[in-house]
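Participant: Next up is a structure, given as structure tokens.
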Amino acid sequence: MARFDTVVLNGTAVLPYVGTVRCDVGLRDGRIAALADALAPADGDVVVDARGRLVLPGAVDSHFHIGIYRDLATDAESETASALAGGVTTVVSYFRTGSHYLNKSGPYRTIFPEVVAATEGHAHTDFGYHIGIMTSEQLDEVEWLVGEGVASFKYYMFYKGLNLTSDSPRGTAYTMSDAYDLGHLYLLMQQVAAAAVRHRAEGRVSLSLHCEQAELIRVFIEQVKRDGPGGLEGYHRSRPPLTERLSMAEAMVLAEATRCPVNLLHLSSGEAIDAASSSRRQQPHLDIRLETTLHHLALTWDTAGGILGKVNPPIRTADDREALWQAVVDGRIDTVVSDHACCAEEDKARDLWSALPGFGGTALLYPYLMSEGPRRGLSLARVVELASANPARAFGLYPRKGALAVGSDADLVVLDPEREQTVTPEALHSAQDFTPFAGMRVKGWPTATLLRGQVVYRDGTVVGRPGGQYVRRPVGLP
Ligand SMILES: [Zn+2]
């Protein structure tokens, strides 16, 4: 009997925070059991040849929306298959009560088990959930949710302005909540901050913030509807960077008051990254993590396929894109994510204002970063930190995920750095029938993805039934 279940031979491993090293990897019982300068083919029951290839820790796509616009189980199956194509082995998906998703509200004690059950048996990657606390009643469920493996929560700064009607003067139709405002955010931050202290020994507990400002959006939308321009430029102008900046300022005052660890999600503009960086400088005692997305790094409003590229916050200008890349290169941005939300082209076919926001991109997570990062001076180690190790640390998964180390889960990606391919919807293995990234030349694609030691994706094909498991977070520090 061989010493290992699987050996990955002849590759160059990319170790986060360390660098690249020529080494072989031995896998046993779903974990990494050896990193060695030389293993033999006879050492493994299964041999994966990685000659000329890079061996990366599986990416952790920490911003995902399983089931936002489609049946949750169906969406889990197709969209985590897309994730495997991009070298993603763990997704941490957002879920909240209210419109979309399960289109209902109520206590998480009944709804959360339903969400996990609908995903289990359908996900091709391991998965976890960030939870949006939408109602006053749900505030009391934060500690219960942490006990269920939820180490991160979410607040949407701009929802308080949605669907203002005489029936729901505080904008409750969309969120199905009673008082979704800064008062609610303050109470939520208190809950999360207390949980973060209680669970500090096991890992990080935090609150993610979608920063856009509702009252300003209202005014700018009216302006753009009246005076133009149309298309994605108009969308960018209807929710300008100023709205990100103001809502971030509001949120950071409350983070200061409560000492809540926060994640500033999908920073989209130079102004947003400046505001986030200065918060970090001025509030060094707070735990603040900065995230941007593939689409904000890769696209501008004139290249994102018109209404197909509608997303919140919007795709912005070439200057914004350069500012974000600068922040990635100089280390201010911690994580890069897809914000994957599978949409159909017909959901985008209406007018700009009623088209659904969001689109998929998880299959490009490693390919895009491997393609564009080194060109801009990123080391390969930095690429795996942005896509794997840093999100694993931020969301309570490290070092079980996000590491190439003995004892870590054997989530590995074998990537061919020379393989070049033009992006098409088919190349992304998603149920989404379009992509705003269409036509982009990308160099550096996974040829095999392994989840807990099993080859689950090889040469463009998903292998086997969905075997992804729910991961309870924080997983516990070593
Ligand atoms: Zn999102």
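Participant: Counting only residues 5 or more places away or on other chains, whose amide H sits under 5 Å from the amide H of residue 154 once H atoms are built in the peptide plane?
Facilitator: Hits under the 5 Å cutoff: 131, 132, 133, 208.
Participant: Still on this model: Run down the lysines and flag those whose C-alpha is under 28 Å from the C-alpha of residue 310, throwing out any fewer than 8 positions away in its chain.
Facilitator: The qualifying lysines are 104, 154, 160, 225, 348, 443.
Participant: Let me ask something else. Applying 1/(1 + (r/R0)^6) with R0 = 30 Å to the Cβ-Cβ distance of residue 329 and residue 405, what FRET efficiency is obtained, to the nearest 0.05?
Facilitator: After rounding to 0.05, the efficiency reads 0.70.
Participant: Please report the carbon-and-sulfur percent of the accessible area for the chain; probe 1.4 Å, protein heavy atoms only, DNA, RNA and ligands left out.
Facilitator: Carbon and sulfur atoms account for 51 percent of the accessible area of the chain.
Participant: Membrane-span-like helices in the chain: DSSP H runs reaching 27 Å or more (Cα, own axis), mean Kyte hydropathy at least 0.0?
Facilitator: Counting only whole DSSP H runs, no helix qualifies.
Participant: Moving on to the next point. Please work out how much length the chain gains when fully extended from residue 3 to residue 136, using 0.36 nm per residue of separation minus the C-alpha to C-alpha distance, in nm with one decimal.
Facilitator: Contour length minus Cα-Cα distance gives 42.4 nm.
Participant: Could you check the simple spin-label distance between residue 465 and residue 353, using points 7 Å along Cα→Cβ, in nm with one decimal?
Facilitator: Here the modelled spin labels are 4.9 nm apart.
Participant: Return the loop-located chymotrypsin sites (Phe, Trp or Tyr not before Pro) in region 361-455 (DSSP other than H, G, I, E, B) with at most 10 other Cβ atoms within 10 Å of their own Cβ; answer none if there are none.
Facilitator: The qualifying sites: there are none.
Participant: Add +1 for every Lys or Arg and -1 for every Asp or Glu among the other residues with Cβ under 15 Å from the Cβ of residue 28, and state the total.
Facilitator: Here the charged neighbours net out to -4.
Participant: Under 20 Å from a point 7 Å along the Cα-to-Cβ line of residue 186: which residues of region 215-237 have their amide N that close?
Facilitator: 215, by backbone N distance to the label point.
Participant: Let me ask another. Between region 366-409 and region 419-478, what is the C-alpha centre distance in whole Å?
Facilitator: About 15 Å separates the Cα centre of region 366-409 from the one of region 419-478.
Participant: While we're looking at this one, here's another question. Rolling a 1.4 Å sphere over the protein heavy atoms, what is the accessible area per residue of the chain, to the nearest Å²?
Facilitator: 35
Participant: Taking the full set of protein chains and a 1.4 angstrom probe, give the accessible area of residue 144 in square angstrom, rounded to the nearest 10.
Facilitator: 70
Participant: Rg(Cα) of region 348-440 divided by 2.2 N^0.38 Å?
Facilitator: Against the empirical 2.2 N^0.38 Å value, I get 1.32 for region 348-440.
Participant: Here's another thing I want to ask about it. Summing -39500 (n - 2.57) over the DSSP H runs of n ≥ 4 in the chain and dividing by its residue number, what mean residue ellipticity at 222 nm do you reach, to the nearest 500 deg cm²/dmol?
Facilitator: Calculated at 222 nm, the ellipticity per residue is -9000 deg cm²/dmol.
Participant: Okay, next question. May I ask you to derive the FRET efficiency for residue 37 and residue 379 from their Cβ-Cβ distance with R0 = 25 Å, giving the value to the nearest 0.05?
Facilitator: Computed FRET efficiency for residue 37 and residue 379 comes out at 0.70.
Participant: How much length is gained on full extension from residue 287 to residue 179, taking 0.36 nm per residue of separation minus their Cα-Cα distance?
Facilitator: So the extension gain works out to 36.2 nm.
Participant: Which of the three applies to region 125-164, rounded, prolate or oblate, going by the alpha-carbon gyration tensor with a ≥ b ≥ c and a/c under 1.5 meaning rounded?
Facilitator: The shape class here is oblate.
Participant: By how many nm would the segment from residue 69 to residue 253 grow when fully extended, if each residue of separation counts as 0.36 nm and the alpha-carbon distance is taken off?
Facilitator: Result: 62.9 nm gained on full extension.
Participant: Show me the trypsin sites (Lys or Arg not before Pro) within region 1-102 that DSSP assigns to loop and that have at most 11 other Cβ atoms within 10 Å of their Cβ.
Facilitator: Hits after loop and neighbour filter: 51.
Participant: Spin-label point model (7 Å from Cα, Cβ direction): what's the residue 458 to residue 144 distance in nm?
Facilitator: A separation of 4.5 nm, rounded to one decimal place.
Participant: I need the calculated FRET efficiency for the pair residue 197 and residue 219, taking r as the beta carbon distance and R₀ as 45 Å, to the nearest 0.05.
Facilitator: Calculated value: 0.70.
The values are calculated or read from the model by the stated rules, or taken from the named source; none is laboratory data. Because the structure is predicted, anything quoted here is derived from the model rather than measured. Positions of Cβ are backbone-derived with ideal geometry, glycine not excepted, and every protein chain shown enters the neighbour counts. SASA here: full protein model, heavy atoms, side chains in, ligands and nucleic acids out. Shrake-Rupley method; radii C 1.70, N 1.55, O 1.52, S 1.80 Å.
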